[in-house]
Amino acid sequence: MDLRQRVLDLARAYRRAQAPLTPARLAGGVGVHLAYGRMPEGRFGAWMPEQNLILLDPQAPLRRQRFTLAHEVMHLLIQQDPDLLSELHEAYAGKALERELEALCNLGAAEMLLPSEAVEAAIARKGQTPRLVLELAEQHQVSEEVAIIALAERGPVPSLVLMAGGQPLRVYFSARHPSIPDRLSRGLGFRREDPLAVALETGLPQRAEARLPNHAQTYHLEAYPKGGRVYAVYKARLD
Ligand SMILES: [Zn+2]
């Protein structure tokens with residue numbers, strides 16, 4: 001079984017065992033305490049093994065805190081699974097290992113908070129559209145990051161999903177289906193003529209054949225501006 005599938009199974013089993021997923025139950029299931037305190041810039045939470053606690057930033061929005069907590073819990077669940085851990089270390093090393101581990105913890109956290117059946121049902125009704133990021137987040141009271149991860153993982157066509165904002169426009173968060181090779185880092189900027197920048201400036205959704213910043217591959221892009229941010233789905237071209 002592949003690593004992603006095993007992480008999803010871990011997350012589902014944990015969701016069932018710990019339901020209802022209050023913060024205390026989320027942390028308690030892996031035997032750690034929860035504490036709140038200021039985090040360094042750009043971080044929302046951390047697992048502190050020496051003190052056996054997960055530290056969360058109380059300033060972060062509640063849904064974001066919940067996602068961060070679930071992400072840190074996934075680190076512990078993976079840590080406590082020797083088979084999974086050794087497979088991970090066989091397949092990856094160095095920076096690639098760090099990146100893969102972070103992606104797996106995000107994937108598991110999203111599955112914990114937003115069951116894949118709910119995501120698949122929403123996609124079946126509405127299609128693989130960036131509007132679903134907002135709809136799923138609202139309906140299931142999860143952070144937009146969670147909805148982005150779920151949409152990238154569950155879409156019928158492999159895709160990269162992101163939200164961007166700021167002036168100049170830059171990537172806030174992105175997730176990609178495992179078969180999408182292009183990778184985006186947080187903070188990466190868009191050119192002024194990019195369809196995402198146009199969507200934000202005009203307030204109008206955009207559809208285009210577009211490339212990701214710094215990449216050559218073209219995708220079917222749908223971009224949706226809302227509340228000073230742009231949500232985008234880059235679908236792989238199957239033709
Ligand atoms: Zn992490």
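The values are calculated or read from the model by the stated rules, or taken from the named source; none is laboratory data. As the structure is a computational prediction, the values presented were derived from the model and not from experiment. Glycine gets a Cβ as well: all are built from the backbone with ideal geometry, and neighbour counts include every protein chain shown. When the accessible area is computed, the model is the full protein with side chains, heavy atoms only, and any ligands, DNA or RNA have been set aside. Shrake-Rupley method; radii C 1.70, N 1.55, O 1.52, S 1.80 Å.
Could you run through the range 84-106 and say how many residues are open to solvent by 40 Å² or more (accessible area, probe 1.4 Å) and within 13 Å of the ligand (Cβ to nearest atom)?
Of the residues in the range 84-106, 5 are open to solvent by 40 Å² or more (accessible area, probe 1.4 Å) and within 13 Å of the ligand (Cβ to nearest atom).
Does Ala137 satisfy the criteria of being away from the ligand (no atom under 16 Å from the Cβ), within 25 Å of Leu21 (Cβ to Cβ) and in contact with an Asp or Glu (Cβ under 9 Å, 6 or more places away or on another chain)?
Against the criterion (away from the ligand (no atom under 16 Å from the Cβ), within 25 Å of Leu21 (Cβ to Cβ) and in contact with an Asp or Glu (Cβ under 9 Å, 6 or more places away or on another chain)), Ala137 qualifies.
Give me the residue from the range 203-216 that is in a loop (DSSP other than H, G, I, E, B) and open to solvent by 90 Å² or more (accessible area, probe 1.4 Å) and, out of that set, farthest from Val161 (Cα to Cα). Quick ask: steps written out before the conclusion?
Taking the range 203-216 as the starting set, the residues that turn out to be in a loop (DSSP other than H, G, I, E, B) are 203-205, 212-216.
Add one more test, that the residue is open to solvent by 90 Å² or more (accessible area, probe 1.4 Å), and what stays is 204, 214.
Details: Leu204: 18, Asn214: 16 Å.
Step by step, filter the range 203-216, then rank; the result is Leu204.
Among Tyr231, Tyr219, Tyr172, which is the only one that is touching a residue at least 40 places away in the same chain (Cβ under 8 Å), over 22 Å from Val146 (Cα atoms) and in a strand (DSSP E or B)?
Tyr219
When only residues in the range 58-83 that are polar (S, T, N, Q) and more than 16 Å from the chain's Cα centre (by Cα) count, which is nearest to the ligand (Cβ to nearest atom)?
Ranking the candidates gives Gln79 first.
Could you tell me whether Ala109 is part of a helix (DSSP H, G or I), open to solvent by less than 10 Å² (accessible area, probe 1.4 Å) and under 26 Å from Tyr172 (Cβ atoms)?
When the stated conditions are applied, Ala109 passes them.
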